[in-house]
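The values are calculated or read from the model by the stated rules, or taken from the named source; none is laboratory data. All of these numbers come straight from a predicted model, not from anything done at the bench. Reconstructed Cβ throughout: ideal geometry from the backbone, glycine too, with neighbour counts over all protein chains shown. Heavy atoms of the whole protein, side chains included, go into the accessibility calculation; ligands, DNA and RNA do not. Shrake-Rupley method; radii C 1.70, N 1.55, O 1.52, S 1.80 Å.
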Amino acid sequence: MKNEIEKAVKLLQQVETLAVLTGAGVSAESGIPTFREDEGLWKNFRAEELTTPEAFRKDPAFVWEWYGFRQKKVLECKPNPAHYTLAKMEKHYKKFTLITQNVDNLHRKAGSSHLLELHGNILKARCTSCSMVLDFVLADDPLPQCPQCVSLLRPHIVWFGESLDLNTIDEAFQRAAACDLFITAGTSALVHPAASLPLEAAGHGAALLEINPETTPITPFMTISIRGKAGEVLPLIWEKIINKK
Ligand code: OAD
């Protein structure tokens, strides 16, 4: 791993334009439970059965209650060194794009400002009628309503069976195509279109770096693969870059 870290440091010192894709693994060290983990009260329900437009139409109160449970968890958790390192990198590189599949708001909490949230944000909500987006809405009783048209609000999350926001995914692909180095951290790279972003970058000549304790389907395409935790590997690389200056 030491060798791979040195290679990554060298690469990061050479590049000008960087794009990073993060997934649930980056928040694992902050204690954010995944969809598949045992969530006590909710363990008898599969996420796929709750996070769909059909489930919301059938029982919006039940779906909001589940999001309330997840919102509470997210608000209790703090960013970890992976989030903080990525926020520092944003300040260091002039052309830096952070793309995340996470909805937990921890990148923003750590100070990242230019962020493409592919799957939405658990603290946001939008109107089911006029589509107005609100930046901070907690699950509540009675159900959250639109301040503009009084219709029902829904979590601003991409649910199973729904498309990603076109502008956000378009921008992510443009940034991937334009970068010199594309880093993936903490993603199983199983969910598309997010998992296609590193391949788009490679197709345009970018180097690829993966940080994950496990291999993934995109590991064979990597220029450098580091098998480790994002909260340990990213700060280690960053310290070396700062100290060599
Ligand atoms: P997954 O849960 O599929 O994968 C998490 C990845 O993180 C795995 O490859 C782990 O090996 C890795 N991992 C675990 N701990 C880590 C650590 N400390 N540091 C680095 N990596 C670590 O999560 P995603 O790839 O984010 O979509 O899943 C993608 C999408 O699937 C989610 O955004 C969600 C889900 O369906 C929606 O909700 C739309």
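A few notes on this one:
- Sites ASP59 and GLU232 - FRET efficiency at Förster radius 41 Å, r taken between beta-carbons, to 0.05: 0.50
- Principal axis box of the range 105-232, alpha-carbon based, largest edge first, Å: 51, 29, 28
- For HIS156, solvent-accessible area (1.4 Å; no DNA, RNA or ligand), Å²: 50 Å²
- Note on the chain: Cα convex hull, mean projected area over all directions, 13.3 nm².
- Between the range 164-237 and the range 72-139, the alpha-carbon center distance in angstrom: 18 Å
- Quotient of C-alpha Rg and 2.2 N^0.38 Å, computed over the range 12-143: 1.17
- The tail of the calculated P(r) for the range 206-245 beyond 15 Å holds 46 percent of all Cα-Cα pairs.
- Accessible area per residue was computed with a 1.4 Å probe on protein heavy atoms; LYS72 scores about 130 Å².
- The alpha-carbon of LYS10 sits under 17 angstrom from the alpha-carbons of these aspartates and glutamates, leaving out residues fewer than 8 places away in its chain: ASP180, GLU210, GLU239.
- Think of the range 48-149 as a dipole: +1 on every Lys or Arg Cβ, -1 on every Asp or Glu Cβ, centred on the Cα centre; then among LEU115, PHE136, MET89, MET89 lies furthest on the positive end.
- Accessible surface computed residue by residue for the chain, with neighbouring protein chains in place and a 1.4 Å probe, gives 50 Å² per residue.
- Taking amide hydrogens as placed 1.01 Å from N in the peptide plane, the amide H of THR184 sits under 5 Å from those of LEU21, LEU209, GLU210, ILE211, each at least 5 positions away in sequence or on another chain.
- Take every Cα pair under 8 Å whose residues are at least 6 apart in sequence, average their separation, divide by the length of the range 161-245, and the relative contact order is 24 percent.
- A simple packing score, the average count of other Cβ atoms within 10 Å per residue, orders the peptides 132-143, 54-65 as 54-65, 132-143, with the highest score first.
- Solvent-accessible area, 1.4 Å probe, carbon plus sulfur percent, for the chain: 52 percent
- Each peptide in 19-30, 76-87 receives the mean, over its residues, of other Cβ atoms within 10 Å, and ordering these scores from highest gives 19-30, 76-87.
- Computed over the range 56-113, the P(r) curve from all C-alpha pair distances, binned at 10 Å from the origin, holds 21, 38, 23, 14, 3 percent per bin.
- Pairs from LYS2/LYS240; LYS2/LYS109; LYS58/LYS124 whose Cα-Cα separation, in the structure shown, is over 23 Å: LYS2/LYS109
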